[in-house]
Amino acid sequence: MNRSQQAISHVDLREVVLPRLVGQVFHVTSGDAFDRILTTGAILPNVGGAFRANWGESQLSYFQEQGCISVCDLRTASAAQIDRGLENYYFLDPCHRWNPVVFLILAPEAHRQVLSWADAVLLGGPAIAGVPNIEAGHNGQIPIALITMALAVSVDRGDLPIALSQP
C-alpha cells in the first residue's frame, strides 16, 4: 500500500483532493481508525454498530444493514452526481474533527465485491437509505493488501466556526 500525506485548507479540498478520488472506490476513515485497520490487517464491517458512525445517517444506510463496508464509488459518477453526493455526505471532511481524514483507495481486485448504488436500488427498491449514486457497499472485510493508496489529509479548519472545528 502506497501512502501519501497532505496538509490542505478546508476551502481547497474540492480542488486538490477530489480529483485524486474521481474514478476510484474508497473508504473514508479517521487517522485513529486507520491505525486500528493496520493493526487488524483489514477494514471490518460495522456489524451491530461495533464502530463509531462516520455521520449521523450512516446507521440507517442500506449497505450497513446488509453487513457491507460503506465505500464511495466514483468510478462512473458524473460531476453532477458527485456534487449532489457531497451535499448529502461531505466525504472530503465528513466529521469536521478528524485529523487526518484518511481515504483508503481500493485496488481493482476489490471492486468485484462492491455492491453499487444502482444494484442496491434493484435489490432494495428506490427508497433505500444512503447517498444516491456515490455510496456503495463492499461485501465483507477488505484486507489491507487490497488497498492501493492511503491518502491522509490534514485539514486546516482555521476559519471554520469553532463549533465545527473542535472535537
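Taking amide hydrogens as modeled 1.01 Å from N in the peptide plane, which residues meet the under 5 Å criterion relative to Ala42, leaving out close sequence neighbours?
For Ala42, whose amide H was placed from the backbone, the distant partners under 5 Å are Ile144.
Rounded if a/c is under 1.5, else prolate if a/b beats b/c, else oblate: with a ≥ b ≥ c from the C-alpha gyration tensor eigenvalues square-rooted, which is the range 106-156? Let's see the in-between values first.
Working: a/c = 3.21, a/b = 1.50, b/c = 2.14.
The shape class here is oblate.
With Rg/Rh (Cα atoms, Kirkwood Rh) in mind, check (i) 1.07; (ii) 1.04; (iii) 0.93 and report the label derived from this structure.
Evaluating Rg/Rh (Cα atoms, Kirkwood Rh) on these atoms matches (iii).
How much length would be gained if the chain were fully extended between Arg14 and Asn139, taking 0.36 nm per residue of separation minus their Cα-Cα distance, in nm to one decimal?
Working: separation 125, 0.36 × 125 = 45.00 nm, distance 2.84 nm.
Gain on extension, Arg14 to Asn139, equals 42.2 nm.
Would the range 71-164 count as rounded, prolate or oblate if I go by the C-alpha gyration tensor, calling it rounded below 1.5 in a/c and otherwise prolate when a/b exceeds b/c, oblate otherwise?
In terms of gyration-tensor shape, oblate.
Want the number for Tyr90 to Ser154: 0.36 nm per residue separation, take away the alpha-carbon distance, what's left? Before the final figure, lay out each step's value.
Working: separation 64, 0.36 × 64 = 23.04 nm, distance 1.55 nm.
Gain in length upon complete extension: 21.5 nm.
How much mean residue ellipticity at 222 nm does the chain get from its helices, if each DSSP H run of length 4 or more adds -39500 (n - 2.57) and you divide by all residues, to the nearest 500 deg cm²/dmol?
Values: 7 runs with 44 residues, N = 167.
Calculated from helices alone, the mean residue ellipticity at 222 nm is -6000 deg cm²/dmol.
Taken together, the values in this text are just the output of simple stated rules run on the coordinates, not laboratory data. Values in this document were obtained by computation on a predicted structure and should not be read as measured data.
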